[in-house]
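Following: one structure in C-alpha cells, then a few remarks.
The values are calculated or read from the model by the stated rules, or taken from the named source; none is laboratory data. Every value quoted in this text rests on a predicted model; they were computed, and no experiment measured them. Neighbour counts run over all protein chains shown; Cβ positions are idealised from the backbone, glycine included. Side chains are part of the model used for accessible areas, which takes the heavy atoms of the whole protein and leaves out ligands, DNA and RNA. Shrake-Rupley method; radii C 1.70, N 1.55, O 1.52, S 1.80 Å.
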Amino acid sequence: MSNNELNSPGYEIPEELEGKVAITTLDKIYNFGRRSSVWPMMFGLACCAIEMIAAQAARYDMARFGMEVMRPSPRQADMMLVAGTVTKKMIPAIVRLYNQMAEPKYVVAMGACASGGGPFKEGYNVVAGIDKFLPVDVYIPGCPPTPQALVAGMIKLQEKIDKQSISQVRWYKKGADTVETPIPFLGPDLIDPRHIPEIKAKAAELAALAAAASETVA
Amino acid sequence: MYGYGKGILKGLGVTLKRFVESYLEDLNWIGKKYSAEKTAFHSSKNQRGTFTIEYPEQKLPTPEEFRFVPFLVYDEGESGKKEIRCTSCGICAKACPPQCIWIVRTTDPSTGRPVPQPAEFYIDADICMNCGFCAEYCPFDAIKMDHDYEIASYGRNLLNKERLMKSASYYASIRPLNNAREVEARRAKEAAKAAKAG
Amino acid sequence: MTTPVVEAINLAEKFPGKVTADARPGYSGWIISKENLVEVATFIRDEMGYDALTNLCAIDYLEQKMMEVTYQVFKTTGGPVLTFKAQAERVDPIEIPSVVSVWPGAELQEREAYDLYGIRFVGHPDLRRILMWEGFDGYPMRRDWKEAFYEEDAKPLKSRWPEGKHKLAETRATFGDNVAFKPGFDPDKWIPSDPEELLYATLKNYKSEVKDGIKTDHVVVNMGPQHPSTHGVFRAVAVLDGEIVVSIKPVMGYLHRNHEKIGERNTWLQNIPYTDRLDYFNSMYNAWSYALAVEKMMGITVPERAEYIRVIMGELSRIQNHLILFGMLWNDLGSYFTPALYAFEERELILDIFEAVSGSRMMCNYYRFGGVVRDIDEASMKKIKELVFDRLPGKIEEIDRLLSENEIFVSRMKGVGYLSPEDSIAYSVTGPNLRAAGVPYDIRRADPYGIYDRFEFDIPVRHNSDLLDRYHLRMDEIHQSLRILQQALKQITEGPVLAGKPQYTHRVPVGEAYGRVEAPKGELGYYVVSNGKGNPYRYHIRTPSFVNITSMEKMCVGTKIADFVAILGMVDIVLGELDR
Ligand code: SF4
Ligand code: SF4
Ligand code: SF4
C-alpha cells in the first residue's frame, strides 16, 4: 500500500521524520484493515455459487483481494455472499446465519435471484430478493454474473468500505439498526414476524369480504 | 507394505512440477505481466504455470456472442439526435421467459393511433436471466445483449429507457461480425424493396 | 429417442378388465386400473423384465376431473421405456397404491407426487412432504392452485405490452409479498407444529441403553442445509452409534425453485433457458432431452451438423462435470482445494469455448427445437480441436497421476459405500454409479438418441460398486468421451444447424412424450404433455440427482459418518437438479 493512500493530508510532518512516520486517521486505518480481509462465508445456494467458486479458483483468484478465506462458520466471516436463489424453506437458516455473524458484516447479493427474485421470482417457494430480510450492500446483476463481474462487485464493496467512518457505521450506533433481524418461520406460508400485524389485518379483511359475499349469495 | 507411499509421492511430483513451472513461466513474462499476449497464452492449449488473470488490471477478452443484460440500440441521426430503433412491436416482451420486459407503446395524441416508438421501456435486471431471446427474435435489430458486466451497484437495478439506450456505434464495436451481417441484410432488403418499387 | 414400442405381450389381453390400452390421441402405453396396479406392476417387472423404474409423475387433468400417475420403466438389458398409467378420480382423498414394494426406487418420486399433488400412495413406507415443508398450505402443482405472484395461466402476459407500465409483483400481491394466507388466518393464534417431529419419528433405531454401567445414547446429527460438505443446500439427518451411521434420511427442498410450475406457464421455447438452471454444471446437456421430447411430438428431424454439435458440446460437458466431481471429492476427503484448482483450470478452458459459442459460460441456452441456435465459429472449432487432441489427454493423465494411486485416497475409498447391483437396479440408480456396480447400462447404447450409434466407444463397467470403482469408472468415461469427441470432430460436415426458421412460438400437437438422455450424472428425462396450446400442459423433469439419492440410506448405513461425505460426493448430486 502506497504511502499516499494511508497518509491523510492536513498534518505537517517535521522534515527529519519524513518517511519514518505515517499520519493517518483512525477511519483510514480501520477501513484499510477491513477492506483487505473481507472473509466470505462459505455458503452457496444455487448456480451462482458455482461462479463464486470459479472466482475463488486459480483463474480469478479472489485471494488477491484478501477474500480467499471462505469460512464455514458465520462467527468467523465478515461477508455473506448470497449466491443464488433464496427459497422460503432456506430463508430462516440464512437469517439465523446472518445474525450469528460478528460485526462488521456485509451482505452482497450476487445474481438476479438474490437481488430481486430472478427468473424464478414468480415461483411459490421463492423469496424475491434477500434485501427483504437483510441489508444488502452491493447488488451484482447477471444470471449468473461472470467471475469477473463478481470481482468487480467486490471492488465496489471495497469502495463502499473505504467511504465508511467508525462514527457512522450501523453497528456502533445505538438503536434500532443494530437489532437482529427477526427470524422468519414456516407456517402455512412464510411468516415474517415484522409483518404479523399486516398479515392479520389483511386476512381478517379477506374473511370479512368472504362473509359478505356468502351473505349476498344467501 | 513395500512401496507404500509411492502413490502419494507420484502425486506430489505433479504438484512440485506445477509449482516450479509457475515460477519459470513467470520469467517469460517479465514486464509483460498484464499484456493481452499473456492473457491469450493463458487461455490456450499451451497454458502452463500461473493461471491467474489479474482482473481488473488484466481482463479476459469478451467473446462476440457474450451476453449480459440487454440494451436498446439507437442510431445517431443528424445533429446527434438519438433515433431509437425499437418500434415497440412487443416481440421481445412476448419471447422473454421470465417476462421482465415492460413496454408502453406511444400513441399519437391527435389521432390516437399507435406510433412505432416505445414511450416507456423497462427491463428489470433483477429478473432478467440473460438468455438473449429478446435480441434473438427482435426483427428490427433494436435490442442487443451487452458486454458490460461491471454494473454492480448499491441498489436494485430496474433499467429504464434512458439507461438502456446505447449507440449503434457502440454495438458495432462490441459485435463487429454480427453488426456487419445485419447491416448487409438490411441493405439487401432495402435494395430488394427499391427494385420492387422501381 | 424413446418410442414406447408395442410389447410382444399385450397387457390388455393378458389382464382383461384390469388393463386397457391408452387410446387418447398422441398417447401410448397402458392404463392400469388402480386396484390391480401392484399385481400388474409385479408382472411387468418379473415376467416382462422391466426391472427398473425410471420416472414416476403425476398429472392433474382438471377438466376431466382426474388425477393420473405415469410410470416409465425400462429393462437394464436395453431397449426403450414402457409407459403405463394409473388414474384416480380428482376428489380428495386421492388414493393410488404405492409401487415401492415392486420398485423401491419409487420412494422419493412418490413422495414428490404426494407433496405437490396431494396423491396418497397407499402402502408407501414413509409418505411425508419432501420439497415443501410439513404444514405448507395446499398442493402447489395442482392446476387450480395459484401462487401469490400469479398473473395469468400462460405466458406471454398481457400486462407487459402494449400498456406495459412497470409494476413490481409485490404491489399486486394481496399480502404485499410472495406469500398467501387463508382468509381469517391469525399468525398469533397459529400453533407451530414441530416440523421436524415427523422426520425424527422416521429415523429408526434411535435408542439409549445402559452398557457396563454407562448410559450410551445414539446421537442425532444434522448436516446442512448450510454445511461445507453437502454440495449446496442439501441436508441429511443421521442417527449415529458412536461414529457408525445407524439410520440416515435426506431432507431437501431448500432450493426448490418451482421449475415445473413455472414450466407449465412458459411457452415451449421459454423452458429452454430454464433447463440450463437444473444441473448448472451441464447446461449443455440438460436441454437435450427436453428438445428430444418436443422434437418427437412435433416430428422435426435435426440436421446432421447440429447432431454433431450436440454430441461435441455434450461430451465436453461430461468431461468437465467429472473433473469437477474429482476436485470436489478431494475437498470432501480433506485435501483442501489443490485437486479442485487443477480441475477448475481445465473446466475454465472448456467454459471459454461454451462462452464463445453460446454466449454464456454456464447458462448456455444453446438448444432450439430442431437444432442449435448458432454454428460453432472457426476459432472455437480450432480451440475445441486443440483441447481434445492436444491438451486434455495429457491433463487427464496428469490428474490421474496426481490422484489415482494416492494411498490415503485409495484406503478411504476402497470398499466404502457398497451397493449391490440388484439394489442399484431396484433403487433406480442410473449413470456412472450403476455401471460401477457391473450393470452395463448406458442410454447412449441401450436406447440410442442423436447420432451416438455412429461412434465407436465402449461403455466402461466396473464391478466392485464401491467409491474407488465409481471414481475409476468416471476416469474411464472421460477417456471414452475423448474418443467420441475425436471421432465427431473428424466426421463433422458442413451444413445447416437448425431445421426450419427460427421462431419463438411453437405449435406442438396434442399428446405426450418422454425424452431421455444419458446425462453425466445419470438418466435425465422430460415427460411433457401438450394439449395443443402454446405452452406445455405438463412439464416434468426426471433428474438423476433426485432419483439416485434414493439409494443413499442403503449405502450409508453401517459406514462411518466421515464416509457419508464421500459417498454423497460420489452420488454426484447438484442441488438445482435435486430440488428443481
Ligand atoms: S441469478 Fe441465475 S445463475 Fe444465479 S442463482 Fe439465480 S438463476 Fe442461478
Ligand atoms: S426491442 Fe425489438 S422486439 Fe422489442 S419491441 Fe422493440 S422492436 Fe420489438
Ligand atoms: S435476456 Fe432474456 S430474460 Fe433478459 S430481457 Fe432478454 S429475453 Fe428477457
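Answer with yes or no whether B:S44 is outside the structural domain of B:R181 (by TED's automatic domain parsing) and at pLDDT below 90.
Answer is yes for this residue.
Within the stretch A:140-148, can one find any residue that is more than 14 Å from chain B (Cβ to nearest Cβ), over 30 Å from A:F32 (Cα atoms) and open to solvent by 10 Å² or more (accessible area, probe 1.4 Å)?
Checked against the condition, which is being more than 14 Å from chain B (Cβ to nearest Cβ), over 30 Å from A:F32 (Cα atoms) and open to solvent by 10 Å² or more (accessible area, probe 1.4 Å), the stretch A:140-148 yields no hits at all.
Could you grab me the full set of residues in the stretch B:151-169 that are touching a residue at least 12 places away in the same chain (Cβ under 8 Å) and either away from ligand 2 (no atom under 16 Å from the Cβ) or within 14 Å of another protein chain (Cβ to nearest Cβ) (or both)?
Hits for the stretch B:151-169 are B:I151, B:R156, B:N157, B:L158, B:L159, B:N160, B:K161, B:L164, B:S169.
Of these, A:G153, A:G84, which one is at positive phi and not polar (S, T, N, Q)?
Residue meeting the stated conditions: A:G84.
How many residues are more than 8 Å from chain C (Cβ to nearest Cβ) and either within 16 Å of ligand 1 (Cβ to nearest atom) or outside any loop (DSSP other than H, G, I, E, B) (or both) when one looks only at the stretch B:62-95?
So the count comes out to 16.
Given (1) surrounded by fewer than 24 Cβ atoms within 10 Å (Cβ to Cβ); (2) near ligand 2 (Cβ under 7 Å from one of its atoms); (3) at the interface with another protein chain (Cβ under 9 Å from one of its Cβ atoms), where does B:I103 come up short, assuming only one miss?
Every condition holds for B:I103 apart from (1).
Being closer than 27 Å to C:Y290 by Cβ, among the hydrophobic types (A, V, I, L, M, F, W, C) and outside any strand (DSSP E or B) narrows it down to one residue among C:A41, C:A23; which is it?
Residue meeting the stated conditions: C:A23.
What residue, among those in the stretch C:534-580 that are under 19 Å from the mean Cα position of the chain (by Cα) and of a type in the set (D, E), is surrounded by the most Cβ atoms within 10 Å (Cβ to Cβ)?
Checked the stretch C:534-580; the qualifying residue surrounded by the most Cβ atoms within 10 Å (Cβ to Cβ) is C:D579.
Let me confirm something: among C:D469, C:D453, which residue is closer than 25 Å to C:L387 by Cα, open to solvent by 10 Å² or more (accessible area, probe 1.4 Å) and acidic (D, E)?
Of the residues listed, the single one that is closer than 25 Å to C:L387 by Cα, open to solvent by 10 Å² or more (accessible area, probe 1.4 Å) and acidic (D, E) is C:D453.
Picking from C:M381, C:M298, C:M362, which residue would you name as being within 23 Å of A:P145 (Cα to Cα) and of a type in the set (A, V, I, L, M, F, W, C)?
Only one candidate qualifies: C:M362.
Looking at (1) crowded, with 19+ Cβ neighbours inside 10 Å; (2) on the phi > 0 side of the Ramachandran plot; (3) in contact with a Ser or Thr (Cβ under 9 Å, 6 or more places away or on another chain), which is the one condition that is false for C:G431?
In the conditions (1) crowded, with 19+ Cβ neighbours inside 10 Å; (2) on the phi > 0 side of the Ramachandran plot; (3) in contact with a Ser or Thr (Cβ under 9 Å, 6 or more places away or on another chain), C:G431 misses (3) alone.
Only residues that are away from ligand 3 (no atom under 16 Å from the Cβ), assigned to a helix (DSSP H, G or I) and open to solvent by less than 10 Å² (accessible area, probe 1.4 Å): list them for the stretch A:109-139, please.
If the condition is that a residue be away from ligand 3 (no atom under 16 Å from the Cβ), assigned to a helix (DSSP H, G or I) and open to solvent by less than 10 Å² (accessible area, probe 1.4 Å), then A:A114, A:I130 are the ones that fit.
What tally of residues in the stretch C:388-407 results from selecting those that are within 20 Å of C:D466 (Cα to Cα) and either among the charged types (D, E, K, R) or surrounded by 22 or more Cβ atoms within 10 Å (Cβ to Cβ) (or both)?
The number of residues fulfilling the criteria is 5.
Quick one: C:K146 ticks every box in (1) in contact with a Cys (Cβ under 7 Å, 6 or more places away or on another chain); (2) without any contact (Cβ under 8 Å) to a residue 40 or more places away in the chain bar one, so which box is it?
Checking C:K146 against (1) in contact with a Cys (Cβ under 7 Å, 6 or more places away or on another chain); (2) without any contact (Cβ under 8 Å) to a residue 40 or more places away in the chain, the one that fails is (1).
Pick out the one residue from C:V461, C:V410 that is in a helix (DSSP H, G or I) and either surrounded by fewer than 19 Cβ atoms within 10 Å (Cβ to Cβ) or outside the structural domain of C:H322 (by TED's automatic domain parsing) (or both).
C:V410
Here is a check on your reading of the model: is C:A287 within 28 Å of C:T505 (Cα to Cα), surrounded by fewer than 24 Cβ atoms within 10 Å (Cβ to Cβ) and not acidic (D, E)?
No.
B:G11 - would you say it is more than 8 Å from chain C (Cβ to nearest Cβ), surrounded by 16 or more Cβ atoms within 10 Å (Cβ to Cβ) and small (G, A, S)?
So B:G11 fails the test.
Among (1) within 16 Å of ligand 1 (Cβ to nearest atom); (2) open to solvent by less than 50 Å² (accessible area, probe 1.4 Å), where does B:N178 come up short?
(1)
Among all residue pairs at least 6 apart or on different chains, which show Cβ distances below 6 Å where the first residue, located in the stretch B:42-65, is farther than 17 Å from B:V20 by Cα and the second is open to solvent by 50 Å² or more (accessible area, probe 1.4 Å)?
B:K45/C:D390; B:E57/B:Y34; B:Q58/B:Y34; B:E64/B:L177
I'd like to know if the stretch C:473-483 contains one or more residues that are part of a loop (DSSP other than H, G, I, E, B) and open to solvent by less than 40 Å² (accessible area, probe 1.4 Å).
no
Tell me whether the stretch A:52-60 contains one or more residues that are surrounded by 21 or more Cβ atoms within 10 Å (Cβ to Cβ), away from ligand 2 (no atom under 16 Å from the Cβ) and of a type in the set (S, T, Y).
yes
Does the stretch B:113-127 include one or more residues that are open to solvent by 20 Å² or more (accessible area, probe 1.4 Å) and either within 14 Å of chain A (Cβ to nearest Cβ) or among the polar types (S, T, N, Q) (or both)?
So far as the stretch B:113-127 goes, yes, one or more of its residues are open to solvent by 20 Å² or more (accessible area, probe 1.4 Å) and either within 14 Å of chain A (Cβ to nearest Cβ) or among the polar types (S, T, N, Q) (or both).
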